[in-house]
Amino acid sequence: MGWDSITETTINDVRSDRKSALKVEKYMVSEKALYFEGRYLPLENISAVSIHDSTYNPHCCCGRGIPVKKIKIEYGDEKPLILMLEKGESAEKIAKLIGAKRV
């Protein structure tokens, strides 16, 4: 599987960087990038990270939804990157990893 950057910035040797990444639910964070859905976002492009409470409705109908956390990541694009996580601890962990890795 080829990993493509969602920005014009790319990193060298994506394969070895991804192998060193820590997995949190379905996302991975390494020293250089955040990996998701076959793509990656270099950490150097991230300008802001925030966590929000949300609800996931699996059948797209009104009624009860599943409480989730969403991480909003600003990286200079018109639309921010939104990641959905089941657990609040996972959202905090990703935010901390991204914050700790950023310069």
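The values are calculated or read from the model by the stated rules, or taken from the named source; none is laboratory data. All values derive from a computational prediction rather than experimental measurement. Every residue, glycine as well, gets a Cβ built from its backbone with ideal geometry; the counts of neighbours run over all protein chains shown. Side chains included, ligands, DNA and RNA excluded: accessible areas come from the protein's heavy atoms. Shrake-Rupley method; radii C 1.70, N 1.55, O 1.52, S 1.80 Å.
Assorted remarks:
- Some residue of the stretch 34-55 being within 16 Å of Lys72 (Cα to Cα) and touching a residue at least 60 places away in the same chain (Cβ under 8 Å): yes
- Candidate set from the stretch 26-59 (those that are outside any helix (DSSP H, G or I) and among the polar types (S, T, N, Q)); member that is farthest from Glu92 (Cα to Cα): Asn57
- Among the residues of the stretch 74-99, just one is open to solvent by less than 50 Å² (accessible area, probe 1.4 Å), part of a strand (DSSP E or B) and closer than 16 Å to Thr9 by Cβ, namely Leu81.
- Matching option when the condition is open to solvent by 60 Å² or more (accessible area, probe 1.4 Å), in a strand (DSSP E or B), among the charged types (D, E, K, R) and closer than 16 Å to Leu97 by Cβ, among Lys69, Lys23: Lys23
- Asn57 over 11 Å from the mean Cα position of the chain (by Cα), surrounded by fewer than 16 Cβ atoms within 10 Å (Cβ to Cβ) and not basic (Lys, Arg): yes
- Matching residues in the stretch 26-54 - criterion: being open to solvent by 80 Å² or more (accessible area, probe 1.4 Å) and of a type outside the set (D, E, K, R): His52
- Among residues of the stretch 4-20 being open to solvent by less than 100 Å² (accessible area, probe 1.4 Å), of a type outside the set (Gly, Ala, Ser) and assigned to a loop (DSSP other than H, G, I, E, B), the one that is farthest from Pro80 (Cα to Cα) is Asp13.
- Qualifying position, being at negative phi, polar (S, T, N, Q) and touching a Pro at 6+ places or on another chain (Cβ under 8 Å), among Ser16, Ser90, Ser50, Ser54: Ser54
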